[in-house]
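Bear in mind that the values in this text are calculations on the coordinates, not laboratory data. Since the structure is predicted, the reported quantities are computational estimates derived from the model, not experimental observations. Every residue, glycine among them, receives a Cβ derived from its backbone with ideal geometry; neighbour counts consider all protein chains shown.
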Amino acid sequence: MARLQSSLTILALGALLAACGNDEQTAARAGTAASSSTAVANAEVGKSLPLADMQDFEDAARGLIASQQPLQVTGNDGKILWNMQDYAFIKDEAPASVNPSLWRQAKLNNINGLFEVTPGIYQLRGFDLANISLIQGKTGWILVDPLTTAPTARNALAFAREKLGQQKISAIIFTHSHIDHFGGIDGVLDEAERQSVQVIAPQGFLEEASSENILAGPAMQRRAQYMYGSRLPRSTTGHVDTGLGKQPPLGGEIGIRRPTEIINQTGQTLDIDGVEMIFQYTPVSEAPAEMTFYIPQYKAFCGAEVVSHTMHNLYTLRGAKVRDALKWSDYIDEAIGLFGQDAEVYFGSHHWPVWGKQRINSFLKSQRDTYKFIHDQTLRMANSGATPKEIAAELKLPSTLEKNFSNRGYYGTLSHNAKAVYQLYFGWYDGNPANLDPLPPAEAGAAYVEAIGGADQLLEIAQQAFDKGNYRWSAELLNHLVFAEPKNQAARELLAQTYDQLGYQAESGPWRDEYLTGAYELRNGPPTEKLSLKEAQNLIAETPLPLFFASMAAMLNGERADGKHLVINFNFTDLQQNYVLEVENSVLHHRLQAPAAGADATINLTQPLFLQLVIGTAGLKDTLFSDDLSIEGSRLSLLEFFKLLDKPQGGFNIIEP
């Protein structure tokens, strides 16, 4: 029974999701100062951009009603989940250790509070990674994108009600299926509203919100620690900004609600609490399930996350399926045709609004053309034989797009987005046979060290590269040495110093955090804390059961399962549903069907108990004495089945073997 509980609990390790970080601000060896090479490189960036242009700062501050002081949110356990005061150091001129373009974006994302977008539409910005928007309806607020966690959403709404007056929530709009736009739902609805409120979302919302994070969740969550810098201090030598906003909240309850209204076509119009809204269905763009909308009454266009004040990700560094740049660009072009002639204000799921028809259209066209340029030029170069690395090194935005701050690579980058386009069309292989079956990192590292003449010789060459400011070459050399000799402290420290400099020079917030987290872990090791699912129980409760069994299949150890044939019935007595799980040929299949007569074992249980076992809120004692669970058949076969499942290693190594 203990094995059953343990195996079920690890099914949902990803349900806390890559968006949620872990605050590990413990005593740790810190990074180094910016080198002279880095200082010069960052100064050159500053000279190349119109940093004196204050239009974005004027827009970001426009309509401010009030700021919350201090803007700090704590969880039920008293732990600080969100604290804008952590970013008070971001002011004045950029230090040498931060790319001045990223510093500018970080200053913009520091501007927080309750804002009037236009009479009848309000936004709370800086209360979470994303924005929460309030649209005045006939009987209450139509709330758009209730943030990542219940505590941050609850705090934002309470502040809005304090300044704007008490109104109920009449409807919820989820613009897309990423957690920072729906996870805080339980913080904004009371019990009565949860039963009656209208919930509007794009088709596929619930399925996509669950699937991306269950099957690949553990790896995504670990990689997200690098992408969002959740282990780093907030400082001039640490995390400063994600480019999209500050950082995901460091914990808090996560929920979701089933939509009552589905948007599945462009032009679909709804009357939501007396407000007419025209929707644009934009699947497989920034998110698998996404939509934008236009409000004729307010002449306001909500672009969701299809457009924002940064070049977005065609591939996200935490890991996900690549996004289609051509479809993305086409959706923006479609939005211009649908709403561009009428919209007087744009607002989105991140960043600040844009006012005025001409400026809105210019902004949308610039975003549209950035994604299409990356798509078309990547294919042009690939069709002439260029490989992903070569394309990423050579591709440059035209000057008309490059100087526009909203196209800068604060979140996505031209480099990894070009590789994403290549991956979408051609996959991982670049066509060079040398890259068809390369040695794994540790084996290749040992061979490189030997070929160069040993660890000391490689260290000397890497140090020379470092001293010249050739940090990419230094990193490549030292990465081989660390994988060959992970206990070589001199190699680890020089590689950490190299990553420091690469991070300091990065314009992209995620690139900076990736490099600096690599440096942090070279000095301090990987995380050791365990992941709790209790804060995600409301999200897990809405996850379709087949996803848990698909996740179980991805945990099956093929080597241990070789030659095994097992059939297990999972009989959900309250749902009158039975899933037959069959292990054969080292593969686990699940089927919704009548119980298999010759099954090795049958587990009879209720869905609530199953979910309690997944989350870990039901212990062994609860299970043993529960009327909601019984086992028929061979308990030994059942135990053998669960022993075939590997627990994902949430704190696995990344920068070393």
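Loop only per DSSP, at most 12 neighbouring Cβ atoms within 10 Å: give me the trypsin sites (Lys or Arg not before Pro) in region 80-174, ordered by residue number.
On the way: sites: 91, 104, 107, 125, 138, 154, 161, 163, 168; in loops: 91, 138, 168.
Filter output for region 80-174: 91, 138.
Consider all pairwise Cα distances in region 56-426 and report the whole-number % of them above 41 Å. Please report the intermediate quantities before stating the final value.
Values: 4779 of 68635 pairs.
Roughly 7 percent, rounded to a whole number.
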At most 10 other Cβ within 10 Å, DSSP loop - chymotrypsin sites (Phe, Trp or Tyr not before Pro), region 372-478: 428
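Provide the gained length on full extension for the span residue 476 to residue 266, in nm with one decimal, where the gain is 0.36 nm per separating residue minus the Cα-Cα distance. Mind showing how you got there, number by number?
Details: separation 210, 0.36 × 210 = 75.60 nm, distance 4.75 nm.
Value of the extension gain: 70.8 nm.
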Label-point gap, in nm, between residue 436 and residue 207 - each point 7 angstrom along Cα→Cβ: 3.8 nm
Gain in span if fully extended, residue 631 to residue 162, counting 0.36 nm per residue against the direct Cα distance: 163.4 nm
Mean Cα-pair separation over length for region 291-425, i.e. relative contact order, pairs under 8 Å, 6 or more apart, %: 34 percent
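Below 8 Å between Cα atoms, with a sequence gap of 6+, how large is the relative contact order for the chain in percent?
On the way: 1366 pairs, mean separation 106.9, N = 657.
Value for the chain: 16 percent.
Write down the percent of antiparallel bridges among all DSSP beta bridges whose residues are both part of the chain, to the nearest 5. All intermediate terms of the calculation are to be shown ahead of the outcome.
On the way: 51 of 70 bridges.
The antiparallel fraction comes to roughly 75 percent.
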Taking region 544-644 and dividing mean pair separation by its residue count, relative contact order in percent (alpha carbons under 8 Å, at least six apart): 26 percent
At R0 = 45 Å, FRET efficiency that the Cβ-Cβ distance of residue 62 and residue 538 yields, to 0.05: 0.80
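If you take every DSSP beta bridge whose two residues both sit in region 56-426, what share of them, in percent to the nearest 5, is antiparallel? The partial results should precede the final answer.
Values: 32 of 46 bridges.
Taking every DSSP beta bridge with both residues in region 56-426, the antiparallel ones total about 70 percent.
Ratio of region 168-226's C-alpha Rg to 2.2 N^0.38 Å, to two decimals? Spell out each step's value before the answer.
Numbers: Rg = 13.8 Å, N = 59, 2.2 N^0.38 = 10.4 Å.
Output field value: 1.33.
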Hz values of 3J(HN,Hα) by residue in region 377-383 - Karplus curve (6.51, -1.76, 1.60), Gly and Pro given as x: 6, 4, 5, 4, 6, 5, 6
For the chain: rounded, prolate or oblate by the Cα gyration tensor [a/c cutoff 1.5]: oblate
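Please rank 572, 127, fewest neighbouring Cβ atoms within 10 Å first, as an exposure proxy. Kindly include the intermediate steps, with their values, before the conclusion.
Values: 572 18, 127 29.
Placing the least packed residue first, the sequence is 572, 127.
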Pairwise FRET efficiency - residue 341 versus residue 376, Cβ, R0 = 35 Å, nearest 0.05: 0.85
Neighbour-count ranking [beta-carbon atoms within 10 angstrom, fewest first] of 580, 482: 580, 482
Net charge dipole size for region 184-303 [Lys, Arg +1 and Asp, Glu -1 on Cβ; Debye, nearest 20]: 680 debye
In sequence order, calculated HN-Hα J values of region 572-589 (Karplus, 6.51, -1.76, 1.60; Hz; x Gly/Pro): 8, 5, 7, 9, 6, 10, 10, 10, 9, 9, 10, 9, 7, 6, 6, 10, 10, 10
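Provide the net charge surrounding residue 372, with neighbours chosen by a C-beta distance below 10 Å and charges set as Lys +1, Arg +1, Asp -1, Glu -1.
Working: positive: 368; negative: 330, 333, 369, 376.
Counting the neighbours of residue 372, the net charge comes to -3.
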Exposed-site-free run, longest, the chain (rule: GluC sites (Glu not before Pro); DSSP loop; at most 15 other C-beta within 10 Å): 94-343
Segment residue 425-residue 85, length gained on full extension (0.36 nm per residue, minus Cα span): 118.0 nm
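Can you tell me how region 441-505 classifies by the Cα gyration tensor, rounded, prolate or oblate, using a/c under 1.5 as the rounded cut? Before the final figure, lay out each step's value.
Values: a/c = 1.93, a/b = 1.58, b/c = 1.22.
The shape class here is prolate.
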